[in-house]
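Inspection log for the structure reproduced underneath, given as structure tokens.
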There are 2 protein chains.
Amino acid sequence: MKLDDLQIVLVETSHPGNIGATARAMKNMGLCHLTLVAPRCGIDETAIARASGALDILDACRRVDTLPEAVAESELVIGSSARPRSLGWPELTPRRMADMLGECADGQRASLVFGRERSGLSNEELQFCHYTVKIPTAPDYSSLNLAMAVQLLAYEIFVRLQQENQPPMDVPREPKASAGELEGYFEHLEQVLVTTGFLDPAQPRHMMKRLRRLYQRIGLTRNEVNILRGILSSVQKYRKS
Amino acid sequence: MKLDDLQIVLVETSHPGNIGATARAMKNMGLCHLTLVAPRCGIDETAIARASGALDILDACRRVDTLPEAVAESELVIGSSARPRSLGWPELTPRRMADMLGECADGQRASLVFGRERSGLSNEELQFCHYTVKIPTAPDYSSLNLAMAVQLLAYEIFVRLQQENQPPMDVPREPKASAGELEGYFEHLEQVLVTTGFLDPAQPRHMMKRLRRLYQRIGLTRNEVNILRGILSSVQKYRKS
């Protein structure tokens, strides 16, 4: 993939300085698409000062209300996470993440998502991420500044994509499903599982999380999502037959 | 070498925020020795705010008047440089620099030297550096924030030195399903798909191949296979209910 196919997504950022410093960090590493999800601050003079010459990125940044909206068109969504997660989300090192992006076919789009300064991404927001990435740090002081985290991951990606402009040695691939198409599948799946009695609507959470994790890590193609939804539809029609 | 044998040296830094952010970046990556050469600012509240919890590093930092004094006890001195130097100083990538430090014997001491925010290190100061290191950046926007540069190089060093000491930080994994368990799932799946009418028994082949390919590439765990079979059983019971 190309640097131009990657967007940086900041969720509910509180400090303008971090937005500015993120823009600068992005521009240093050849990235230009920034999306702010429900920012808790404006782009003020602190943001502009910290952005240094990267005002074009601030000017062009997109604002949306929710994370699903931000990542709807991405085939690959990676969330940055400092905490180990009990559910064992597939966790990448920054270098592995860069390799994974490097192996994506041209034209695939990806999002790299960063949470709040203090609390990061919520478990609910992580549901929309196909992978998490954790920056290794000293064990007793693991909280990186937000823009620093953006800088480190953008650097790993830049180095990886620069290094090898060679095409991946993979056969031409079918187009991947977008995050929005995956969400459509999960909704359909949940509906059917409630109908068949597999899922108890009183406490559905845990099971859907496990299923999301399972299907998100496959890298489903659009055709495959259509097949899986065809199966769900056949179950829905089945009873009436 | 060990992280404890490396010092970060900042030459004539102008912005207190950069000193604070450098302390935080260092602490994140397990570094603790900071030396300021003739700083152009004090450690004020901005520095303290940006240092976040890394005040111990600010408290312990050493101040000296000249670069030779700062690096006098180091066996290896590496200067960070954004500009290509006409003199053709031996220039390392950050990863090569980390390798070089990783290959130093225990007990050897090294310094990593960063110049002024605007103008970097002078050619005269570079005379005291055995190597230079250049962080790769987008060609049209190569000026990194000072603390960001410290963060990136400290990260490369941390990852390199960690690598040797610790196993990779992978989440403990659940046991994978065996091939036999997967086959059991595929048989069960085929049965159900024929029952719901999704699969035509007259020509079932192609669809099952696609589904096998899909599920085989996930690396399903035993628990996940049990969940998927639970779903199939719920569909089988569904009609009778």
Check: Quick one: if you stick a label point 7 Å off each Cα along the C-beta vector at B:Gln108 and B:Lys2, how many nm between them?
Finding: 1.7 nm
Next item on the list: Starting from the coordinates of the alpha-carbon atoms of segment B:20-143, obtain the Kirkwood hydrodynamic radius over all distinct pairs and give the value in Å to one decimal.
Entry: 15.7 Å
Checklist line | Residue list for segment B:28-68, given a label point 7 angstrom along the Cα-to-Cβ vector of A:Glu45 and an amide N cut-off under 13 Å | finding: none
Checklist line | Calculated FRET value between A:Arg96 and A:Phe186, using beta carbons and R₀ = 30 Å, to 0.05 | finding: 0.75
Next item on the list: Above 17 angstrom, tally the Cα pairs of segment B:1-76 and express them as a % of all pairs, no decimals.
Entry: 39 percent
Notebook entry, point to check: Hey, what angle do you get for helix B:146-165 against the long axis of chain B, alpha-carbon based, 0 to 90 degrees rounded to 10?
Noted result: 60 degrees
Check: Which residues of segment B:189-234 show a drop of at least 50 Å² in accessible area when all protein chains are present, compared with their chain alone (probe radius 1.4 Å, heavy atoms only, ligands and nucleic acids excluded)?
Finding: B:Thr196, B:Phe198, B:Arg210, B:Leu214, B:Arg217, B:Ile218, B:Glu224, B:Ile227, B:Ile231, B:Ser234
Item checked: Rounded percent of accessible protein surface that carbon and sulfur make up, segment A:5-79, 1.4 Å probe -> 48 percent
Margin query: Placing the label point 7 Å from Cα along the Cα-to-Cβ direction, what are the distances from A:Arg63 to the equivalent spots in the other copies, shortest first, in nm to one decimal?
Written below: 4.3
Notebook entry, point to check: Applying the Karplus parametrisation 6.51 cos²θ - 1.76 cosθ + 1.60 with θ = phi - 60° to the phi angles of segment B:224-238, what ³J(HN,Hα) value in whole Hz is obtained for each residue in order, glycine and proline being reported as x?
Noted result: 5, 4, 4, 4, 4, 6, x, 4, 4, 4, 5, 5, 5, 6, 4
Checklist line | Under the Karplus curve 6.51 cos²θ - 1.76 cosθ + 1.60, θ = phi - 60°, whole-Hz ³J(HN,Hα) for segment A:128-133, x wherever Gly or Pro sits | finding: 8, 9, 7, 9, 10, 10
Note to self: Loop-only trypsin sites (Lys or Arg not before Pro) in segment B:178-241, please: DSSP not H, G, I, E or B, and at most 10 other Cβ atoms within 10 Å.
What the structure shows: B:Lys240
Note to self: Going 7 Å from Cα along the Cα-Cβ axis for the label, what nanometre distances separate A:Ala105 from the same residue across the other copies?
What the structure shows: 5.4
Next item on the list: Indicate the gyration tensor shape class of the protein assembly as shown (rounded, prolate or oblate), computed on the Cα atoms with a ≥ b ≥ c the square roots of the eigenvalues: a/c under 1.5 is rounded; otherwise a/b larger than b/c is prolate and the rest oblate.
Entry: prolate
Margin query: Can you give me the long-range amide H partners of A:Arg62? Hydrogens built in the peptide plane at 1.01 Å from N, cutoff under 5 Å, separation of 5 or more residues or another chain.
Written below: A:Leu34, A:Thr35, A:Leu36
Check: What nm distances, shortest first, do you get from the label point of A:Ala138 to those in the other copies when the point sits 7 angstrom along Cα to Cβ?
Finding: 3.2
Next item on the list: For n ≥ 4 DSSP H runs only, could you compute -39500 (n - 2.57) per run for chain B, divide by its residues and tell me the 222 nm figure to the nearest 500?
Entry: -14000 deg cm²/dmol
Next item on the list: Kindly flag which residue pairs out of A:Lys2/B:Lys27; A:Lys2/B:Lys176; B:Lys27/B:Lys134 have an alpha-carbon separation exceeding 29 Å in this structure.
Entry: A:Lys2/B:Lys27; A:Lys2/B:Lys176
Check: Across 10 Å bins from 0, what is the distribution of all Cα-Cα pair distances for segment B:179-238, in whole percents?
Finding: 21, 55, 23, 0
Check: Amide H neighbours of B:Arg116 under 5 Å, counting only residues 5+ apart in sequence or on other chains, H built in-plane at 1.01 Å?
Finding: B:Leu121
Checklist line | Phi-based couplings in Hz for segment A:191-202 (Karplus 6.51, -1.76, 1.60; Gly and Pro marked x) | finding: 3, 5, 5, 5, 4, 6, x, 5, 10, 8, x, 5
Next item on the list: Taking a probe of 1.4 Å and counting only protein heavy atoms, give the total accessible area buried between chains A and B in Å², rounded to the nearest 100.
Entry: 5700 Å²
Next item on the list: Largest first and in whole Å, give the semi-axes of chain A's equivalent ellipsoid, each being the square root of 5 times a Cα gyration tensor eigenvalue.
Entry: 33, 21, 17
Check: Rounded to the nearest whole Å², what accessible area per residue is found for chain A with the 1.4 Å probe?
Finding: 43 Å²
Check: Under the definition of Cα pairs under 8 Å and six or more residues apart, what whole-number percent is the relative contact order of chain B?
Finding: 21 percent
Check: Using modelled backbone amide H atoms (1.01 Å from N, in-plane), which distant-in-sequence or interchain residues come within less than 5 Å of A:Leu92's amide H?
Finding: A:Thr132, A:Val133, A:Lys134
Checklist line | Partners for B:Lys237 among lysines (Cα-Cα distance below 21 Å; same-chain residues under 8 apart left out) | finding: A:Lys237, A:Lys240
Next item on the list: Could you work out the mean count of beta carbons from other protein chains within 10 Å of each residue's beta carbon in B:111-119?
Entry: 0
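The values are calculated or read from the model by the stated rules, or taken from the named source; none is laboratory data. Values in this document were obtained by computation on a predicted structure and should not be read as measured data. Cβ sites come from the backbone with ideal geometry, for glycine too, and all protein chains shown count toward neighbours. Heads up: the accessible areas ignore ligands, DNA and RNA and are worked out on the full protein's heavy atoms, side chains in. Shrake-Rupley method; radii C 1.70, N 1.55, O 1.52, S 1.80 Å.
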